[in-house]
Amino acid sequence: MEKLIITTSHKPSKEQIIRAKQLAEEYGLIYKNRRHLHADDIYFVVEKNLTLKVKKDDFEFFFHPSIVKIRMKNYVSDKKDYLLNNMELNGNETVLDLTFGLGSEALLIASQLNEGKLIGLEGSFPIYFVVKESINYYPYKIKWLKEAVKRIEIINDNYKRFIRKQKDKSYDIIYCDPMFENPVFESSALNPLRKFAVYDSLEPSDIEEMKRVARDKVIIKAHVKDSIWDKYKFDKIDGSKNSGVFYGVIYLK
């Protein structure tokens, strides 16, 4: 596999150059001066605030917590969020998020884990790398986001492989939000992610592994038209008819 390139934004600071070179060494990437890049390269960029983005041609992908801020604002005002309501967190749980993505829902969950933690998996290296190396550097202005980040650990692995290597009842709650079979393209924040995302389809055998590894419950997120609702019988299905996004819950206690 050809090595990926890391660079900086134009007119970088000394800190940007140091960080880019450190990340190149840590992850086995090639560091290049921004002026030496070719137009058709795909490359990671260390920004002025030391977060990362990935670029190719006119396309770019970067970490931003905008969606989760809106969801938290709504949750604080009316205590309604389909995911949090169905998780029923006490605050000391260990949650395994099998499909981390941009980390928006992980941040939402972690905000409720005062004494717990969230372990997130991301199978796509570009998404994992950008989010993992940005989530701690992002200039958050909201206290709960700064605190939530401290409770998150991110791992680059395929969830189907990872889950089968775990011991029985290793986590309190397992959450899985695979890419929808019927994408909601109005979800503009997710559109850049689609280029790099992992599209493994969720199968009943995967859910059986999740049930083995979880102690309390398993929660699956899918579009109302996705095939998992026909393939698997959940204890509870809850969601929004307007958005078409639903959560399937399996209780293990």
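Could you tell me how many degrees, from 0 to 90 and to the nearest 10, lie between the Cα long axis of helix 14-27 and the main elongation axis, the longest principal axis, of the Cα atoms of the chain?
Tilt of helix 14-27: around 60 degrees.
Roughly how tilted is helix 125-135, in degrees to the nearest 10 and between 0 and 90, from the longest Cα axis of the chain?
90
At a threshold of 8 angstrom on Cα-Cα distance, excluding pairs fewer than six apart, so keeping six or more, what relative contact order does region 28-94 reach in percent?
Here the relative contact order equals 15 percent.
Under the Kirkwood approximation for Rh and a Cα-based Rg, what ratio Rg/Rh is obtained for region 1-96?
Computed over Cα atoms, the ratio is 1.17.
Angle between the Cα long axis of helix 204-213 and the longest principal axis of the chain, 0 to 90 degrees, nearest 10?
So the inclination is approximately 90 degrees.
Want the number for TRP229 to SER77: 0.36 nm per residue separation, take away the alpha-carbon distance, what's left?
Taking 0.36 nm per residue and subtracting the Cα distance, the gain is 51.6 nm.
Once Rh for the chain is found with the Kirkwood sum over Cα pairs, what is the Stokes-Einstein diffusion coefficient at 20 °C and 1.002 mPa s, in µm²/s?
The diffusion coefficient I find is 112 µm²/s.
Ignoring ligands, DNA and RNA, please state the percent of accessible area on region 1-96 from carbon and sulfur, probe 1.4 Å.
Within region 1-96, the accessible surface is 50 percent carbon and sulfur.
Just want to confirm a number: the relative contact order over the chain, from Cα pairs under 8 angstrom separated by 6+ residues, in percent.
RCO, the chain: 15 percent.
Send over a whole-number figure in Å² for the accessible area per residue of region 1-107, probe 1.4 Å.
Solvent-accessible surface per residue comes out at 55 Å².
Suppose each label sits 7 Å from its Cα in the direction of the beta carbon; what would the LYS141-LYS241 distance come out to in nanometres?
Label at LYS141, label at LYS241, 3.9 nm between them.
The values are calculated or read from the model by the stated rules, or taken from the named source; none is laboratory data. From a predicted model like this one, the values you see are computed outputs, not experimental measurements. Cβ atoms come from the backbone with ideal geometry, glycine included; neighbour counts cover every protein chain shown. Accessible surface areas use protein heavy atoms only, side chains included; no ligands, DNA or RNA. Shrake-Rupley method; radii C 1.70, N 1.55, O 1.52, S 1.80 Å.
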